[in-house]
Amino acid sequence: MGGRLVEGTWYAEGYEPDADGRFVRQSSLFRDWTRDAAGERFRPEAGRYHLYVSLACPWAHRTLIMRSLRGLQDALPVSVVHPDMLDDGWEFREYPGSSADPVLGARYMREIYQAADARFTGRVTVPALWDTREKTIVNNESREILRMLDHAWQGVARRPAPDYAPAALQDSIEATLDAIYEPVNNGVYKCGFAQSQEAYEEAADELFAALAHWDEVLAGQRFLCGDQLTEADICLYTTLIRFDAVYAVHFKCSQNRIVDYPHLWNYLRDLYQRPGFGDTTNMDHIRRHYYVSHPFINPTQHIARMPAIDFMAPHDRDRLPERRRQGAA
């Protein structure tokens, strides 16, 4: 279930809906940027920063994909929390695929936040980019960390190209990221965490209308913004890959599955089979986290069986043109 810090003190508590029962997501509060320019406080350097993630979390998964695409595994080490998020929030404890915190030796993720701000108030979330020199969290907003790793870290990346948010497409990418965020990325949570039937119906209507729209868009183009893989595709992928295995059941996103959308389903397989996508996807962490961590939704904490999904099955996306750019994996 998790909780939050209030003036640096931890309280185990659930999410508070608005007056109509809608789920309201907290805004990220650490919003500094790494920039590769003289005089900048946070300049990208190999080994200086540490990335805290959950393999279950779609927001953290975005950053892991970009880290892999850029070849930053050696330059930017990570710590992976345990998939269960219970009354103490994210924890560093033994579990296959999880790891310890070598930076502060923390037991709980909240200790990282307390080290950055002893009087921090807010949810303790991942991803979080920690600066070992300044001893603070630089940023905990996944969309911004994604862009930093894409653009500002090219000087320390093993694969500095291609650009996943090229200047010519940036307006389209930003508009697409905005368009998929509320109805899809956050929409599955608005369905699952709704505290009224009306709030659930509203979120479900928006979610499935958006999925139908993007299925239609992808009928005629390889990626969300045309013939190039961009940050927008990364951000949609991390929701789609969790949809049939978790959201369709646990969050009651049951009207349709992704396998019911021919173009979205082929698109998802296309992405999964690319370096950086499938190899950063840990379905055990994903499924355990959701089914165990939300007892207010699933009080038995039983993990539903994995549906028969073959992400490695052939797809039809090669029928659509893809711009091959220098440095593409």
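Here region 211-307 is assigned +1 on the Cβ of each Lys and Arg and -1 on the Cβ of each Asp and Glu. Its dipole about the Cα centre then comes out at about 440 debye. Report D for region 172-319 in µm² per second (integer): Stokes-Einstein, Kirkwood Rh on Cα pairs, 10 °C, 1.306 mPa s. D = 101 µm²/s. Using the average count of surrounding beta-carbon atoms within 10 Å as a protection proxy, the listed peptides 15-28, 98-111, 219-232 rank, highest first, as 219-232, 98-111, 15-28. In this label model, Glu7 and Asp87 are separated by 2.3 nm, measuring between points 7 Å along each Cα→Cβ vector. The length gained on full extension between Glu111 and Arg323, counted as 0.36 nm times the residue separation minus their Cα-Cα distance, comes to 71.9 nm. Spin-label pair Gln255-Met306: with each label point 7 Å from Cα along the Cα-Cβ axis, the two points sit 2.9 nm from one another. Computed from the C-beta positions of Lys135 and Ala161 and an R0 of 45 Å, the FRET efficiency is 0.85 to the nearest 0.05. By the equivalent-ellipsoid construction on the alpha carbon gyration tensor, region 242-316 comes out with semi-axes of 24, 15, 9 Å, ordered largest to smallest. The ellipsoid that matches the Cα gyration tensor of region 63-140 has semi-axes, each √(5λ) in whole angstrom, of 20, 17, 11, with the longest given first.
Over 23 Å, how big is the tail of the calculated P(r) for region 3-152, in percent of all Cα pairs? Roughly 34 percent, once rounded to a whole number. Between the entries [x] 48, 47, 42; [y] 52, 49, 36; [z] 104, 50, 38, the label attached to Cα extents along the principal axes in Å calculated for this structure is [y].
Approximating the spin labels as points 7 Å out from Cα along Cα→Cβ, the Glu216-to-Gln170 distance works out to 3.1 nm. For Asn139, the residues whose modelled amide H falls within less than 5 Å of its own, excluding neighbours fewer than 5 places apart on the same chain, are Leu129. Report note on the peptides 280-286, 2-8: ranked by the mean count of other C-beta atoms within 10 Å, highest first, their order is 280-286, 2-8.
Want the number for Ala37 to Asp284: 0.36 nm per residue separation, take away the alpha-carbon distance, what's left?
Roughly 84.9 nm would be gained on extension.
Can you give the % of DSSP beta bridges in the chain that are antiparallel, to the nearest 5? DSSP beta bridges in the chain are roughly 85 percent antiparallel.
Taken together, the values in this text are just the output of simple stated rules run on the coordinates, not laboratory data. The structure presented is a predicted model; accordingly, all values stated were derived computationally and were not measured. We place every Cβ from the backbone using ideal geometry, glycine too, and count neighbours over all the protein chains shown.
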